[in-house]
Amino acid sequence: MAAGKLRYEHEEHEQRNLHKEIKVKLKDGVMRDALSRFVNEYPAARLKAYDNVVSIDRLRDDLRDMKEWTVDHIDEVADEFEASIKARGGHFFRAKDGDEVKEILLKICEQEQVRRIVKSKSMATEEIHLNQALEEKGLHVRETDLGEWMLSVAGQKPSHMVMPAIHLNREQCAGFFSEELHEDVPSDIPYMIHTARRVLREEFLSADMGITGANFGIAENGAIGLVTNEGNARLVTTMPRIHVVILGYEKLIPKVRDAAKILRLLPRNGTCQRMTSYMTMVDGPTPVIYEKDGQLVEEERKQYVILLDNGRLRAAADPKLKQVYQCVRCASCLNVCPIWTLVGGHVYGHIYSGGIGAILTGLLNNMESFSQFSDLCIGCRKCMTICPGKVPIPDLIDELRSRYVKEHGLGLPEKTAFRHILTHRKVFHTLLRMGALAQKPVESGGFIRHLPLFFAGMTKGRSLPAIAARPFRDRTEELFRENPEKPVLRAAFFSGCNMDFVFPGTGESVVKVLQDLNIEVIYPEQQSCCGKPVLGTGDRETAKIIARQNIEAFEETKADIIVSACPTCAETLEKTYVELFADDPEWSERAKAFGAKVREFTSFVAECYRQAGRLMPTAGTEKVTYHDSCHIRRGLGVYKEPRELLKAAPGVDFVEMKDCDKCCGMAGAFGVKYSEISLPMLKEKVNNIKASGADTVAVACPACLMQLRGGLDQQAPDIRVRHIADILAENIAAGHSQAESM
């Protein structure tokens, strides 16, 4: 069946049941196997491709800087590109959207008597559904990239920007070949490739027009570059008598030398190659021989270049969203995304998938589509460690979420929970205390392991944490009697909701560790939630109310430092509050002063221990491994210090586990809202913990503590989960105090 004749899986504006779609994908064994193999092999293969590179970061900085300059001068770069194309004899058009591209292209087809078209390498034409429009006008259109061809036959969208058919296996591809060609095609890869060559060569030879995209367009000389492995793009640009290039503004680069900045990174990140099999540069019309009126004639090939806006210029003018221009479409962000690697690309709904796909959908398609799946980005920031152009993908998604909420508001449940409960500390805490009482019939040993009726699924695969009968804030009076008489510092403790109401014992451990360092600890009772759950939905106005309450509560303490043993809270207090009030002169200064005092617990204690000579590695018998939370590793850049503390802890034999910094699947409300994804992520983490041989897994984040405790309680109850504060406090109680160590 030809391209575009089938409805894609999700038409625009269609109201979707995302949970149902996710469950279908999670049961797709073919896709899960393919993604699992790829994800396991990708990181090492990518690094091997960089073997001969001294500094990957330097290459990334060069690319980002070039792209930043380009977007800041996009109008003049586009003007120069147009002038260069025309100077070489090409025809140049600018299209404000997909409809205008189709209008321009159909006129060209009519003028040039085009009947048959071959295509290659163009996500932009996927973005505007070009094939369908051409076929509705009776034109024969053939995708020549093997993956794209398979998908056009299957009536599916790409699930990956570089490997669009990664979710299919060879048996499925053979089936689509057989259906399309009306012949029996076995699932033998060399045979299928031979068959594709036989069929496509006829297409190339009989095509009137070739349509491609471009990996880049050079303003200096009007050349476009195509980076491929199949060779079909070169044939599309050289065999037909007409070549049409459709590219977006973000593909423009100023100079020839800037192409090297893309070519050094794109193949290595995209396909783990130092360079691809084909690097094609097309710089204007060239001679072509073709059959005309029954005779072979030689003429200059006609070249048409269409520069597509479709929301790109609006993004270029936006001080934050312009960063999306730094993307080179390598899709490496998908390859390390814990969500995409489980559910594939189709659940994202539009052409582009993953976190970068959510952003592109919002900018190039519509915000309604974006809002339906934007929360599939859990903000783990793994993508930012690998992106060639250093696109801050989670930050841009947060920005779009906040703009959507500002325009459309929140749903009633979120609005009620955030604006009428979280902003009123007493109401919020009263509800938690009521919850502690209500849970008694189903609580056992700090867990809720079984729930009745339709709630039963919530405890399948993990136990839920019980709310503590006595929160941390009710224990402070007794704890603070042990404060030192002549402290070296005064620390205000920000507990966060989890440590206050779920793990108050860990809160006690934090206090004891700080007191052991001769630090006075105080606890401002007026503190509340840090606001991260609210920020995650895009509701920045409610988050500002909460932030002001917390800043005021801690300003009154006159503390030297503010300590948090929750990295998510620490990052929010230290960094996000400052960003929230960037346009508010008064609160901006107060947020900066407040943030400057915030210290994440493990990094602060490690610094103190180092100064005191207490970070000497020890030998022990208890095997302990460590799980890096996303916010502490990539949000705060803290990963050495927790390991130093564990290696110096008496009795600990430290071992690393596989994928120690991969998200455990909690990610705040995500772990509950998308439990169908959270549980497989938890299972993978539990398997890695078990494979490490550890007796204990240490964490520095109460949310991870909650997720891993619940998972191990049901899947490996012999393995303990402990916050590092609990391990340190236990050693202090056992007599390994500062004085003795020194």
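Given axes a ≥ b ≥ c from the Cα gyration tensor, I'd like to know whether segment 1-150 is rounded (a/c under 1.5), prolate (a/b larger than b/c) or oblate.
Taking the square roots of the gyration eigenvalues as a ≥ b ≥ c, segment 1-150 is oblate.
Which links in LYS20/LYS121; LYS320/LYS592; LYS96/LYS302 stretch past 27 Å when you go from one Cα to the other? Provide the component values of the computation, followed by the final result.
On the way: LYS20/LYS121 32 Å; LYS320/LYS592 21 Å; LYS96/LYS302 23 Å.
As for pairs spanning more than 27 Å Cα to Cα, those are LYS20/LYS121.
Please give me the summed charge of the neighbours of HIS631: other residues whose Cβ is under 13 Å from its Cβ, Lys and Arg +1, Asp and Glu -1. Don't jump to the answer; show the numbers that get you there.
Details: positive: ARG381, LYS382, LYS532, LYS575, ARG633, ARG634; negative: GLU571, GLU574, GLU600, ASP628, ASP661.
Summing Lys/Arg as +1 and Asp/Glu as -1 gives +1.
Just to confirm the filter: which trypsin sites (Lys or Arg not before Pro) across segment 298-346 are DSSP coil and have at most 16 other Cβ within 10 angstrom of their Cβ?
Working: sites: ARG301, LYS302, ARG312, ARG314, LYS320, LYS322, ARG329; in loops: ARG301, LYS320, ARG329.
Within segment 298-346, the qualifying trypsin sites (Lys or Arg not before Pro) (loop, at most 16 other Cβ atoms within 10 Å) are LYS320.
So how do 722-731, 684-693 stack up, highest first, on mean other-Cβ count within 10 Å? Walk me through the intermediate numbers first.
Working: 722-731: 22.4, 684-693: 18.5.
Listed from highest to lowest mean packing, they are 722-731, 684-693.
Among [x] 42; [y] 30; [z] 37, only one was calculated for this model; which label is it, if the read-out is percent of Cα pairs over 45 Å apart?
The listed entry that was calculated here is [y].
Between ASN17 and SER55, 0.36 nm times their residue separation minus their Cα-Cα distance comes to what?
Numbers: separation 38, 0.36 × 38 = 13.68 nm, distance 4.45 nm.
The ASN17-SER55 span can extend by a further 9.2 nm.
Give the accessible surface of segment 31-146 per residue, rounded to a whole number of Å², with probe radius 1.4 Å and ligands, DNA and RNA excluded.
On the way: 5820 Å² over 116 residues.
Heavy-atom accessible area per residue stands at 50 Å².
Under the definition of Cα pairs under 8 Å and six or more residues apart, what whole-number percent is the relative contact order of the chain?
Numbers: 1317 pairs, mean separation 83.8, N = 742.
Once normalised by length, the contact order is 11 percent.
Using 7 Å Cα-to-Cβ label points, what is the THR430/LYS137 separation (nm, one decimal)?
6.7
Each residue of segment 490-503 in order: what ³J(HN,Hα) in whole Hz does its phi give by Karplus 6.51 cos²θ - 1.76 cosθ + 1.60, θ = phi - 60°, with x for Gly and Pro?
Per-residue couplings from phi come out as 10, 10, 8, 9, 9, 7, x, 5, 4, 6, 6, 10, 10, 10 Hz.
Of all accessible surface on segment 73-197 at a 1.4 Å probe, what whole percent is carbon and sulfur?
Working: 2640 of 5570 Å².
The C+S portion of the solvent-accessible surface of segment 73-197 is 47 percent.
With angles folded into 0 to 90 degrees, how steeply does helix 504-516 sit against the dominant principal axis of the chain? Use alpha carbons for both and round to 10.
For 504-516 against the chain, the angle is about 70 degrees.
In the structure shown, do any of LYS390/LYS685; LYS512/LYS690; LYS575/LYS597; LYS382/LYS662; LYS382/LYS406 have a Cα-Cα gap over 20 Å, and if so which?
Working: LYS390/LYS685 27 Å; LYS512/LYS690 31 Å; LYS575/LYS597 11 Å; LYS382/LYS662 8 Å; LYS382/LYS406 28 Å.
The pairs that break the limit, which is 20 Å between Cα atoms, are LYS390/LYS685; LYS512/LYS690; LYS382/LYS406.
Would you work out the relative contact order for segment 97-162, in percent, from Cα pairs under 8 angstrom that are 6 or more residues apart?
Details: 45 pairs, mean separation 20.9, N = 66.
Reported as a whole number, the value is 32 percent.
Calculate one ³J(HN,Hα) per residue across segment 175-183 by plugging θ = phi - 60° into the Karplus curve 6.51 cos²θ - 1.76 cosθ + 1.60, and present them in order as whole Hz with x for glycine and proline.
After applying 6.51 cos²θ - 1.76 cosθ + 1.60, I find x, 5, 4, 4, 5, 5, 9, 6, 8 Hz.
Just the number please: accessible area per residue for segment 275-375, 1.4 Å probe, all protein chains included, in Å². Provide the component values of the computation, followed by the final result.
Values: 3480 Å² over 101 residues.
Here the per-residue accessible area is 34 Å².
Beyond 18 Å, how much of the Cα-Cα pair distribution for segment 133-275 remains, as a whole percent?
On the way: 6465 of 10153 pairs.
More than 18 Å apart: 64 percent of the Cα pairs in segment 133-275.
So, in nm, how far is label MET458 from label ARG610 when the simple model puts each one 7 Å beyond its Cα toward the Cβ?
The answer from the label model is 4.3 nm.
Residue by residue, what Karplus-based ³J(HN,Hα) values in Hz, rounded to whole numbers, does segment 71-81 have, using 6.51, -1.76 and 1.60 with θ = phi - 60° and x for Gly and Pro?
For segment 71-81, the Karplus curve yields 5, 6, 10, 4, 5, 6, 5, 5, 4, 5, 4 Hz.
Summarise the accessible area of segment 339-378 (1.4 Å probe, protein heavy atoms) by the percent that is carbon and sulfur. Write out the running numbers ahead of the final one.
On the way: 290 of 590 Å².
Of all accessible area on segment 339-378, carbon and sulfur atoms account for 50 percent.
Enumerate the amide H contacts of HIS723 below 5 Å, restricted to partners 5 or more residues apart or on another chain; note that Pro and chain-start residues carry no placed amide H.
VAL699
Would you please give the residues with an amide H less than 5 Å from that of ILE211, counting only those at least 5 places away or on a separate chain, with H modeled from the backbone geometry?
Those lying under 5 Å, H to H, from ILE211 are VAL118, LYS119, SER120, VAL244.
For the chain, give the share of DSSP beta bridges that are antiparallel, in percent and rounded to the nearest 5; count only bridges with both residues there.
Of all bridge pairs located within the chain, approximately 25 percent are antiparallel.
Can you list which of the GluC sites (Glu not before Pro) found in segment 472-517 are DSSP loop residues with at most 12 other C-beta atoms within 10 Å?
Working: sites: GLU477, GLU478, GLU482, GLU485, GLU508; in loops: GLU485.
The qualifying sites are GLU485.
Could you rank the peptides 26-32, 643-649 by their average count of other C-beta atoms within 10 Å per residue, with the highest value first? Walk me through the numbers before you get to the answer.
Details: 26-32: 14.7, 643-649: 21.4.
Top of the packing list down: 643-649, 26-32.
Grab the beta carbon distance between ASP188 and GLN273, set R0 = 35 Å, and tell me the FRET efficiency rounded to 0.05.
Details: r = 25 Å, r/R0 = 0.71.
Using R0 = 35 Å, I get an efficiency of 0.90.
Where in segment 372-387 is the amide nitrogen less than 19 Å from a point lying 7 Å along the Cα-to-Cβ axis of LYS415?
Within reach of a label on LYS415, which here means backbone N under 19 Å from a point 7 Å along Cα→Cβ, segment 372-387 contributes 372.
Tell me the GluC sites (Glu not before Pro) within segment 178-236 that lie in a loop according to DSSP and have at most 11 other beta-carbon atoms within 10 Å. Write down the numbers at each step before the final one.
Details: sites: GLU179, GLU180, GLU183, GLU202, GLU203, GLU220, GLU230; in loops: GLU183, GLU220, GLU230.
Sites meeting the loop and neighbour criteria: GLU183.
Using the Cα gyration tensor of segment 202-250, with a ≥ b ≥ c the square roots of its eigenvalues, what is the shape: rounded (a/c below 1.5), prolate (a/b larger than b/c) or oblate (neither)? Mind dumping the intermediate values first?
On the way: a/c = 2.43, a/b = 1.77, b/c = 1.37.
Prolate, because a/c is 1.5 or more and a/b exceeds b/c.
If contacts are Cα pairs under 8 angstrom and at least 6 residues apart, what is the relative contact order of segment 597-742 in percent?
On the way: 218 pairs, mean separation 38.5, N = 146.
Reported as a whole number, the value is 26 percent.
At a 1.4 Å probe radius, carbon and sulfur cover how many percent of the accessible area of segment 650-742? Provide the component values of the computation, followed by the final result.
Working: 1820 of 3530 Å².
Ligands and nucleic acids excluded, carbon and sulfur reach 52 percent.
Would you please give the residues with an amide H less than 5 Å from that of ARG94, counting only those at least 5 places away or on a separate chain, with H modeled from the backbone geometry?
LEU307
The values are calculated or read from the model by the stated rules, or taken from the named source; none is laboratory data. Because the structure is predicted, anything quoted here is derived from the model rather than measured. Using ideal geometry, Cβ is built from the backbone for each residue, glycine included, and neighbour counts are taken over all protein chains shown. These accessible areas exclude ligands, DNA and RNA; they are computed on the full protein's heavy atoms, side chains included. Shrake-Rupley method; radii C 1.70, N 1.55, O 1.52, S 1.80 Å.
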